[in-house]
Each structure stands twice: as structure tokens, then as C-alpha cells.
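First comes the structure, then the notes that go with it.
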Amino acid sequence: MTRKSSFALLAAALTLAAAAPAAAPPNAAAVHIQNFRFGPQTLTVPAGTTVTFVNDDEEPHNVTAVDHSYRSPILNPGARFTHQYAAPGDYPYFCALHPHMTGHIVVTGR
Amino acid sequence: MADDHQLDRRGALKCMAWAGGGLLWTLGGGVPAGTLLGAAEAAARPAGGAGFSFVQISDSHIGFDRAANPDPAATLREAVAQIRALPVRPAFVLHTGDITHLSREAEFDAAQAILGELGLPVHYVPGEHDVQDDGLGAAYLRRFGAGTNGRGWYSFDAGGVHFVGLINVLELQAGGLGHLGAEQLAWLQADLRGHSASTPIVVFAHMPLWSLYPEWGWGTDDSTQALALLARFGSVTVLNGHIHQIMQKVEGRVAFHTARSTAFPQPAPGTAPAPGPMTVPADRLRSTLGIRSVRLVSRASPLAITDTNLA
């Protein structure tokens, strides 16, 4: 990890900590992009989870819902995108730049 | 410079899809025949007399800056220089997409500035990398959409050949196969209607219009419908890019050819965990990049296709 992204992570963590309400914080999970793959390819999370997609690859990628209901901007190396999954269901997505790259977010009831 | 190849003739023929060394691919009367040319032989062959010719380039990926090629603008300039040095000036250049890496205005500007040095008309179709702007292709259409139909597809006639530029990179689905869509197929049907079956047809698009390697999305999900519309023609040549390597296939009277990139190579199907830029030793890069010349020998006889690398 580069120093720049370490700082970014630290800043993100501090921001999260500062913004977290006194009540239980919302669920969070992450998908990492490496070597033209989303990992984990299937991520199972409870409803209401905010998923952060992190581009750890050397190439730009993006995250596009198969039903086109949301779409990230192009994520340069090191960039991230978050999306909250409110309702239970299977949410397949792919990279519009490299559409063979696919993944699923499976959202369960809380 | 024509490709060097160190294999013997039989070995070279066996793997010509990969070596692509000075390959002259002729196509006529529905019976295509390939001839492998040595560099000297290729150089000695007359350059076509008064024949009509054009050039295909592909996948210039301006804006890419990773190890596989830190400077794709430089290799595109070399491709332009090679086209300018052709013994017979081609009528125009086809660019089969992925002009840019990330659909940015500055990348389109840079690509057009370099290709402007050709002094030739350039006919484009977009790759998936050219339609990633916020308008999902609006930036491409603003530049190249004048006089086109639907979302950018078009046709024109030159040298007695009917050229059809198709777009199969819009509304891509997970898995990555190309897609033409009902609107474009309806347009294609109408476009072909007025042409006699003896008219040579050249179809160009970014992604392969045959099921080349679906596991990596190397195909087009509704290409069979397009090919059905082309079935009555005696000579159909399909040119595409996307996979950054030369591959050919003949199916009935249709010959499919994928072209090299001018930016970086990709792995052969199935030889890597995933497709993507492939880094080769710097002194080998230019042997994996190239341009393609296509020549109409006469209206009644074959189109001749010659791939040359940038080495």
C-alpha cells in the first residue's frame, strides 16, 4: 500500500469515527479489486450495509449494477466507491470497462 | 516493416493466428485462401497497382500509462508513420475502437491530433473504453456522430465495396459479450436491402462478431442475427479489434479478422486468468503491435489483407 492511500484510509477511518452516531454504526463491508477481479466475488451482507469498493489494481475499473440502477465513476488505482444495499436480494454487478469482471452482493434480512 | 518470422513455413502456418507474419489473406467467390509471405516476398510483391486499398488500426488506448506500454501516443505515431510510408496511399483508415483509454476529452483530442497527421479520412467505431463518459457515449457521438444513424452506426460506399460500421459496445451486460441491439439490426437490414449480392461487404466493429472466446466476453451476443442478414452476399469481410491480437475464422462466405492494437498486447485466449494489458519485454513490444492493409484486387476478386507489425 502506498503512503498516500494509507493516509486516505486513516482519514477515512477518522471521518467515520467522527461521524458515527452514538447508536450502533451502520454495517460496512468492502470489496477489493485486484488483478481484474472483484474479491470476494460474492459478498453476503445484512440489509442496510454500505459496501465500499476499493480499486487496489493498477488499472482503472468501475462498478456498474447489472440492472443499471447505479454506476460508479471510473475508479483510478486507489480510488473507492460506496453504495448502500437497503433491501434483501441478489445484486449482481460488473465493471463496464472490463465487463467479464463480475461480482454479486447478496443482501440478507437483518 | 513486414513481420519477421523465424519458423519454417509449416510451423508458421500452424500458428499464423499468433505470428501473423506477413499474412496475405485472400477472399473471393466464397473460397478464401491464405498465403504466408516472407518479408522479402512481401516487399517484392507489387503494391497493388491501381487497386483500391484502405488501412485498419485499432485499440490505440490513448491515456493508458501502465507498464504494458507507458506511451501509447508514441506507438500510435509510429503506426501513423508506417501508414504514411505505404507504397500506395490508402483511401482512408478505419479505427475499430478503444481510441481512448477512459473516454476523456483530452484523450480524444490527443488521438485525433496524432491521426490528423495521416492526412487521410478516418472512419471510427467506438470501443467500450470510448463510451465511459457521464453521457455513456455522448462524448464520442459529439465528435464522430455527424451523419450517422441511431447511436452512431453508419455505412458508406468506396471502391465498389459497401462498408458498414457497427457499434457493439453499448449497454454491455455482465460477462462482457458485445451487443448490437434490435434498433441497430433493423437499421442494418434496411441498409443492406439496396445492395446486390455481388457487392463486396466490409463490416467493422470493435468487438468480435463471432464467438471467439465467450469466457472472456470475446464475442457479440446477437451477432448471429447480423450474420443472417449478410448471408446472401458473396463476399463478406468482418474486421474488429478488442482482443489486441490477430485471429481469423472463415464461416461460409464470411471471413472474420481481429486486428492488433497499436498500444499493448493481450494474452491469447485462456492463457491467463483474465484478459487485460500484457507486459512483454520492452524490446518485444512493437512486434505485438501493428496495422492492417486491405486491398481490393479487382471488384470480382478477393480482398487481400496484410498485417504488419511496428517492429
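A short reminder: the numbers here are calculations on the coordinates, not readings from a lab. Just so you know, these numbers come straight off a predicted model, no measurement behind them. When we count neighbours, we look across all protein chains shown, and the Cβ atoms used for this are built from the backbone with ideal geometry, even at glycine.
For the reader, a short list of remarks on this structure follows.
- Hits in segment A:78-100 (condition: within 13 Å of another protein chain (Cβ to nearest Cβ), under 14 Å from the mean Cα position of the chain (by Cα) and assigned to a loop (DSSP other than H, G, I, E, B)): A:Ala79, A:Cys95
- Restricting attention to segment B:62-88, the residues that are away from chain A (no Cβ under 14 Å) and free of Cβ contacts under 8 Å to residues at least 24 places away in the same chain add up to 4.
- Among the residues of segment B:209-252, the ones that are of a type in the set (S, T, N, Q), away from every other protein chain (no Cβ under 14 Å) and not in a loop (DSSP other than H, G, I, E, B) come to 6 in all.
- Residue match in segment A:68-77 (condition: buried (at least 21 other Cβ atoms within 10 Å of the Cβ), in contact (Cβ under 8 Å) with a residue 40 or more places away in the chain and either more than 10 Å from chain B (Cβ to nearest Cβ) or of a type in the set (Val, Ile, Thr) (or both)): yes
- Residue within segment B:149-172 that is aliphatic (A, V, I, L, M), closer than 25 Å to A:Thr64 by Cα, in a loop (DSSP other than H, G, I, E, B) and within 14 Å of chain A (Cβ to nearest Cβ) present: yes
- Residue satisfying condition, being of a type outside the set (D, E, K, R), surrounded by fewer than 22 Cβ atoms within 10 Å (Cβ to Cβ) and more than 16 Å from B:Phe163 (Cα to Cα), within set B:Leu285, B:Leu289: B:Leu285
- Selection status of B:Trp187, in a loop (DSSP other than H, G, I, E, B) and among the aromatic types (Phe, Trp, Tyr): no
- Residue that is farthest from the other protein chains (Cβ to nearest Cβ), among those in segment B:174-191 that are of a type outside the set (Gly, Ala, Ser) and touching a strand residue (DSSP E or B) at 6+ places or on another chain (Cβ under 8 Å): B:Asp191
- Candidate set: segment A:101-110, residues that are in a loop (DSSP other than H, G, I, E, B) and farther than 21 Å from B:Asn168 by Cβ; chosen: the one farthest from the other protein chains (Cβ to nearest Cβ): A:Arg110
- Checklist (1) over 24 Å from B:Val122 (Cα atoms); (2) more than 14 Å from chain A (Cβ to nearest Cβ); (3) part of a helix (DSSP H, G or I) applied to B:Arg286, failing item: (1)
- Across segment B:263-279, the qualifying residues are those that are more than 10 Å from chain A (Cβ to nearest Cβ) and small (Gly, Ala, Ser), and the one among them that is farthest from B:Asn69 (Cα to Cα) is B:Gly270.
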